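So the structure is just underneath, and the comments pick up after that.
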Amino acid sequence: MMDPVIRMEGVRKKYRYFALDNIALELQPGQIMGLIGPNGAGKSTTIRILMGLVHQDQGDVRVLGYRMPAEQIAAKWEIGFASEDMRLYGAMTVRWHMDFIRSIYPRWDEKYAQLLLKRFGLNPEQRIKGLSHGQRVKSTLLLVLARCPRLLVLDEPTTGLDPVARHEILRELSAVMKDEGRSILFSSHNTHDVEQISDQITFIDRGRIIDSMDKEAYLDRWRRLRLEVPLGVELPALPGIIDIRQDGRLAVATANEFVPDLANAYENTGARIQSIENMTLEEIFVANVEHSREEVGA
Amino acid sequence: MNGSLVRHMIAKDFRLHRELIIISTVVGFIGLAVVQFRGLTGLFGIIGFFTTLIVLACILPQASVVMDRKGQHLTFLMSLPISATQYTTAKMLSALGMFLIPWLTLVIGALSIILGSDIPDGLIPIALVLITLPLVGFCLMTSVALVGESEGWTVGVMIAINFAYSLCWPLIARNNELRSGFGSSTPVWSPTILTLLGSEFAVIAAALAITYYLQSRKRDFV
């Protein structure tokens, strides 16, 4: 097995009103990981620790085999990082920024940069301050992609974009992955974007990783069961069921480890299964966060 | 490779702020040209000359350092293969360079005017003390902008430094020992003058050293 491109173990970082607690992450080469969490969950702090911009209080962080933050300079030659709060120089043109980055990175691919200019509909002579938000994000992404990094770390890159711009960016990220040696860590609170391109999904909430697995595994394991419950029947707490909400004779059970035997177990109590539904990633995310918060609060 | 990246960062800052450097040098020279006139016009020239240096000392730390953070360019820069210490080195060198180019040009211009005109050469020492004050102010503001990470702190220090200029001028003008050398045909490097100049450069060295030390100890840079 190849060494992971990202490995975080036991990472802790304490602020006055927020703490990252025991963060563990692993991303294999050639994979796209979506890091999903609500606002203030710790996505950006986790990514900043990965980039060496924020120093962890405890724990081990390795990116592309480099220890962070100590070896951040060597690591950053091979990482393309873009974040939602990153701004280019408004008074300067796209071309000026391209020349600046090209002068730094020997691996800069000018042909690819020209191709991206066309695909993203960018005018290189236009000043950044004259660009729309979507065009600014695309310009930033162009600067990151054309330096041909082994690892892309993107913190909320699609936030505030219209659906067309989001689609263009996600399509380009998918295209990048045709080169199997590359990997992407992509944070967002937009589960739809993450669902489109990710192989692996990690949920983070209130500074803790609450779940991390393959996207397909999530979609396979999570189900919503709609039940009709006769009077006098009490639904048992079954393993694999994380939530039951009952309103009169109708109940909805959420399973995070669904197996057909669960439905049989409910039917044996006298309840009738109305439907077993697949859940979207957003529904899985919300259910996961609520379950995690209940567990922490209990 | 990393030394080269620091050079790239410095070159970038020079490209971003070259208009400011050129304009301040030209305006300073206009002030110097007017200094040679007698009476009120000459006084306007002196005021214009020093105002240029003081304003440049205020604007440069804002434009170069504070705007990196306020304009959210810092994340972009720190995504490049550079450490926080190297960023600080690049910023300090570029800011100093951008200030020293007009400052040194104007110092040479001012000395040339004093030496080449009937203005007494005895004014040279005190002129150097006064011209160095904006350089001290600039270094303090740059240090606070880098370490304090806040526009509020930088503006606060800017106000304090401008208040200090207003105090220094009359204190120097009222000092009998200093005044006695003003009319001399040769520069008088009295112990007071040397102490003042030495103190100014000591403050500059201390500000830069403390900035470097504090920046290298930061655990959260962005």
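Past the 24 angstrom mark, what percentage of all C-alpha to C-alpha distances in the stretch A:6-218 do you count? Value for the stretch A:6-218 (Cα pairs over 24 Å): 40 percent. In summary, the convex hull built on the alpha carbon positions of the stretch A:223-278 has an orientation-averaged projected area of 3.2 nm². With θ taken as phi - 60° and the Karplus curve 6.51 cos²θ - 1.76 cosθ + 1.60 applied, the whole-hertz 3J(HN,Hα) list for the stretch B:11-27 is 4, 4, 5, 5, 5, 5, 10, 5, 4, 4, 5, 5, 4, 5, 5, 5, 5 Hz, x standing for glycine and proline.
In percent, how large is the relative contact order of chain B, given Cα pairs closer than 8 Å and 6 or more residues apart? RCO, chain B: 25 percent. Within straight-line reach of A:Lys111, meaning a Cα separation under 30 Å, sit the following lysines at least 8 residues removed in sequence or on another chain: A:Lys76, A:Lys129, A:Lys138, A:Lys178, B:Lys12. Here the stretch B:1-74 is described by how far its Cα atoms reach on the three principal axes: 55, 25, 15 Å, from widest to narrowest. Show which aspartates and glutamates lie in cross-link reach of A:Lys43 when reach means a straight Cα distance below 15 angstrom and same-chain residues fewer than eight apart are skipped. Output for A:Lys43: A:Asp21, A:Glu26, A:Glu84, A:Asp85, A:Asp155, A:Glu156, A:Asp205, A:Asp211. Under a Gaussian network description of chain A, with springs only between Cα atoms under 10 Å, the residue in A:Gly248, A:Gly80, A:Gly34 that fluctuates furthest is A:Gly248. Rounded to the nearest 10 degrees, the angle from helix B:191-217 to the longest Cα principal axis of chain B is 10 degrees. Among the trypsin sites (Lys or Arg not before Pro) found in the stretch A:182-224, not one is both in a DSSP coil and sparsely packed, with 16 or fewer other Cβ atoms within 10 Å of its Cβ.
Between B:Arg38, B:Arg18, B:Arg179, the GNM of chain B built on Cα springs shorter than 10 angstrom shows B:Arg38 fluctuating the most. Legend: ranking of residues B:Ser166, B:Ser83, B:Ser180, A:Ser198 from fewest to most surrounding C-beta atoms inside 10 Å; resulting order B:Ser166, B:Ser180, B:Ser83, A:Ser198. Based on Cα contacts under 8 Å between residues 6+ apart, chain A shows a relative contact order of 20 percent.
Taking the inverse of the mean 1/r over every pair of distinct Cα atoms in the protein assembly as shown gives a Kirkwood hydrodynamic radius of 27.0 Å. Placing a label point 7 Å from the Cα of A:Glu283 along the Cα-to-Cβ direction, the residues of the stretch A:229-243 with a backbone N closer than 15 Å are A:242-243. Over the stretch A:90-211, the hull volume per residue, using the convex hull of the C-alpha atoms, is 125 Å³.
Values in this text are rule-based calculations from the coordinates and carry no lab data. Predicted model only: the values in this text are computed from it and were never measured. A quick note on method: Cβ atoms are made from the backbone with ideal geometry, for glycine too, and the neighbour counts reach across all protein chains shown.
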